[in-house]
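Below is one structure, written out as structure tokens, with a few remarks after it.
The values are calculated or read from the model by the stated rules, or taken from the named source; none is laboratory data. As the structure is a prediction and not an experimental result, all values here were calculated from the model. Neighbour counts are summed over all protein chains in view; Cβ atoms, including those assigned to glycine, are modelled from backbone coordinates with ideal geometry. What goes into the accessible areas is simple: the full protein's heavy atoms, side chains included, and nothing from ligands, DNA or RNA. Shrake-Rupley method; radii C 1.70, N 1.55, O 1.52, S 1.80 Å.
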Amino acid sequence: MSEIRLVELTVNGERHDLAIEPRRTLVDVLRHDLGLTGTHVGCEHGICGACTVLVDGAPVRACLVFAAQVEDADIRTVESLAAPDGALSDLQREFSAHHGLQCGFCTPGFLMLAQGFLAERPDATKEEIREVVASNLCRCTGYQTIVEAVDACAVRRREGSCA
């Protein structure tokens, strides 16, 4: 018989009380229990980065974390980036403007990685951005457009010109 644990998760600012098995990964709970399917399942080994979310502001591979481990944390998924009216965030707009996506499968992971990185390093250089985005896998873009999108967002945020 499976053990069930009651956990309270705060995801995108909303509290969720869940009865889950302790062995369930965060990515599975986000997708299957909460219906937040923007977080993608890629390799399930923490290599590709498609499942990247923010936990207390830091990028985390949701396939490597048990949901019960982040009970007292602030969890943010790609769904948290857009405004309540659906307007895209500045980072999402830059990805679109710079064609930082093609098939789109890896895009949520890159967006969350970049969001966490820019919050920590708003003055990041293009080389630092390139090094960070290399930790996620993309089979379509060749990374240059992703680097350009993240850099453009960083520049606009520093100039105060993002809305």
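Annotation note: of Val7, Val41, Val29, the sole residue that is in contact (Cβ under 8 Å) with a residue 12 or more places away in the chain and within 27 Å of Ile146 (Cβ to Cβ) is Val41.
The residues of region 78-131 that are of a type in the set (S, T, N, Q), more than 11 Å from Ala149 (Cα to Cα) and buried (at least 17 other Cβ atoms within 10 Å of the Cβ), listed by number, are Ser80, Ser89, Thr107, Gln115. Of the residues Leu9, Leu18, the single one that is more than 17 Å from Cys106 (Cα to Cα) and either open to solvent by 20 Å² or more (accessible area, probe 1.4 Å) or among the polar types (S, T, N, Q) (or both) is Leu18.
The single condition among (1) part of a loop (DSSP other than H, G, I, E, B); (2) under 22 Å from Glu44 (Cβ atoms) that Leu111 does not satisfy is (1).
Taking the numbered list (1) in contact with a strand residue (DSSP E or B) (Cβ under 9 Å, 6 or more places away or on another chain); (2) assigned to a loop (DSSP other than H, G, I, E, B) in turn, Gly86 passes all entries but (1).
Residues in region 140-163 that are of a type in the set (Asp, Glu) and either under 19 Å from Leu81 (Cβ atoms) or buried (at least 21 other Cβ atoms within 10 Å of the Cβ) (or both): Glu148, Asp151.
Looking only at region 46-68, which residues are under 12 Å from Val7 (Cα atoms) and buried (at least 23 other Cβ atoms within 10 Å of the Cβ)?
Initially, region 46-68 is screened for residues under 12 Å from Val7 (Cα atoms), giving 66-68.
Correct list: Ala67 only.
Would you confirm, using the coordinates I've provided, whether Glu71 is touching a residue at least 40 places away in the same chain (Cβ under 8 Å) and more than 30 Å from Arg5 (Cα to Cα)?
On the way: touching a residue at least 40 places away in the same chain (Cβ under 8 Å): yes; more than 30 Å from Arg5 (Cα to Cα): no.
Considered against the rule, which asks whether it is touching a residue at least 40 places away in the same chain (Cβ under 8 Å) and more than 30 Å from Arg5 (Cα to Cα), Glu71 comes out as no.
Checking region 132-139 against the condition returns no match, with no residue being within 26 Å of Gly35 (Cβ to Cβ), modelled with pLDDT of 95 or more, open to solvent by 30 Å² or more (accessible area, probe 1.4 Å) and not assigned by the TED database to the domain that holds Leu30.
Going through region 114-135 one residue at a time, which ones are touching a helix residue (DSSP H, G or I) at 6+ places or on another chain (Cβ under 8 Å), farther than 15 Å from Val60 by Cα and assigned to a loop (DSSP other than H, G, I, E, B)? The answer is Arg121, Pro122, Asp123, Ala124.
Scanning region 89-108 for residues that are farther than 18 Å from Gly42 by Cα, in contact with a Leu (Cβ under 8 Å, 6 or more places away or on another chain) and part of a loop (DSSP other than H, G, I, E, B) yields a single hit, Ser89.
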